[in-house]
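Just so it is clear, none of the values below were taken in a lab; they were calculated from the coordinates. Note that this is a predicted model, so its numbers are computed, not measured. Positions of Cβ are generated from backbone atoms using ideal geometry, with glycine treated the same way; all protein chains shown enter the neighbour counts.
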């Protein structure tokens, strides 16, 4: 399984985010246009990344929870390869995102924020082609009880991403416990003195833990 | 209790949305900048409405589910009087939106989409100063099992809004059952041949039902 590093970009201007992505593009297999960029600047943010990185896999973190077809359309047509839909939202919305992604041959990620194990199990069975994201949110990291990413159910046979506060000190144990395909990393790279070096170090830690 | 009509604007360009709001401003006590406008155009949409309607109460339907302080900041500072936060999301995010709204003397609405009665009861007790929104989402209306808005718990003593597919034919029974303070109406006004007349008729139906 190839290890995918998704560089999550949030709380930046579009220009700052582009610059950060340019600086660490060799370690960013996927680039995430964060929810804050989308809500602050709209689809202009996705278009700017598509233009700057014609070949990169781009995930637009739309956090869709209603109006699925419309949101999928604007994000995919702006250049996103993947969008996100909230697992804690209505089932019909997840269904519609999945259908829209399949129609377009695109990827969709189900964000498991605030879902219970039984709900996760059901999502796992219903959407075999989704990417699932075990997510410790920003607010939980910064203001809540910071729990390490963990899962009460098995994700074997599914594409799994982990997100939220991943650091060089914790990535190894996350790798050994969860064996994710996709590592979604923001601050540990973007707030480092040297983001590219930080990303390289994180990847080394994950690779060593996989061996 | 004053009856508040919130005109919900979605799936429009900013210019179309402004035009629609101008056409029915006398019946629109609150104007909602819909999630689709925010995700498509960013805070530019909120700024444009603040500029065009300096005196109107504006709700930015941010559907916040993480990054609460940041999203509250950009939306309130762009001119929103109210934002929304998802009741099905993490408790810490709702707490942070509530705190941020109180600090700024602004309004916050908790969207009850996909919450269970026990969760609603807890939110009701925890956030006495919130506006609560019983919400049949677009996807549920257009693609799911369309259930009329109903509530298993009492909202007496709380500010209550209802949203989702409200029509002239259904508004009276919603009024009699739920006695909401705020009616969030989109399509029944914006898709009418004469939006202003449609809004007037909806209000008459609600007022008659209250008497």
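Work out the mean other chain Cβ neighbour count within 10 Å for the residues of A:9-18 and drop it here as an integer. Don't skip to the answer; put the middle values down first.
Working: counts 0, 3, 3, 0, 0, 1, 0, 0, 0, 0.
Mean partner shielding for this stretch: 1.
What FRET efficiency would be calculated for the residue pair residue A:169, residue A:25, taking the C-beta separation as r and a Förster radius of 25 Å, to the nearest 0.05?
Step by step, r from the Cβ atoms, then E = 0.50.
Taking only C-alpha pairs under 8 Å that are 6+ residues apart, what is the relative contact order of chain B in percent?
Relative contact order of chain B: 19 percent.
For labels at residue A:177 and residue B:52 in the simple 7 Å Cα→Cβ model, what's the distance in nm?
About 4.9 nm separates the two model spin labels.
Per the helix-only calculation at 222 nm, which mean residue ellipticity applies to the protein assembly as shown, given -39500 (n - 2.57) for every DSSP H run of n ≥ 4 and division by its residues, nearest 500 deg cm²/dmol?
Computed mean residue ellipticity for the protein assembly as shown: -13000 deg cm²/dmol.
Take the Cα atoms of chain B, find their three principal axes, and give me the spread along each one in whole Å, biggest first.
Largest to smallest, the principal-axis extents are 42, 39, 34 Å.
Using a 7 Å offset from Cα along the direction of the beta-carbon, what are the separations from residue A:200 to the same position in each other copy, nm, ascending?
7.1
Considering only the label points, 7 Å along Cα→Cβ from Cα, what distances in nm to one decimal separate residue A:121 from the same position in each other copy, shortest first?
Label-point distances to the other copies, shortest first: 2.6 nm.
For the range A:131-174, what is the Kirkwood estimate of the hydrodynamic radius, computed as the reciprocal of the mean inverse distance between distinct Cα atoms, to one decimal in Å? Could the numbers behind the result be given before it?
Details: mean 1/r = 0.0884 Å⁻¹.
This gives a value of 11.3 Å.
Would you calculate the convex hull of the Cα atoms in the protein assembly as shown and tell me its volume per residue in Å³? Kindly include the intermediate steps, with their values, before the conclusion.
Details: hull volume 57.9 nm³, N = 422.
About 137 Å³ per residue, rounded to a whole number.
With a/c under 1.5 counting as rounded, go ahead and sort the range B:1-126 into rounded, prolate or oblate using the C-alpha gyration tensor (a ≥ b ≥ c being the square roots of the eigenvalues; past the cut-off, prolate if a/b is larger than b/c, else oblate).
prolate
Enter the Cα centre distance for the pair the range A:70-90 and the range B:16-59, rounded to the nearest angstrom.
After rounding, the separation between the Cα centres reads 23 Å.
May I ask you to sort B:110, B:33, B:153 by Cβ crowding, counting other Cβ atoms within 10 Å and putting the fewest first?
Numbers: B:110 27, B:33 31, B:153 14.
By the 10 Å Cβ count, ascending, the order reads B:153, B:110, B:33.
How far, in nm, would the chain grow between residue A:106 and residue A:73 when pulled straight, counting 0.36 nm per residue and subtracting the alpha carbon separation?
On the way: separation 33, 0.36 × 33 = 11.88 nm, distance 1.11 nm.
Between residue A:106 and residue A:73, full extension yields 10.8 nm more.
From other protein chains only, count the Cβ atoms within 10 Å of every residue's Cβ in B:82-93, then give the mean. Please report the intermediate quantities before stating the final value.
Working: counts 0, 0, 0, 0, 8, 1, 9, 9, 10, 4, 9, 8.
Taking all residues of B:82-93 together, the mean is 5.
Could you state the orientation-averaged shadow area of the convex hull built on the Cα atoms of the range A:14-63, in nm² to one decimal?
Averaged projected area of the range A:14-63's Cα convex hull equals 3.1 nm².
Enter the mean number of other protein chain beta carbons within 10 Å of the beta carbon of each residue in B:134-141, as an integer.
Counting Cβ atoms of other protein chains within 10 Å of each residue's Cβ and averaging gives 5.
For the pair residue A:204/residue A:125, report the inter-label distance in nm, with labels modelled 7 Å from Cα in the Cβ direction.
The modelled label-to-label distance comes out at 4.5 nm.
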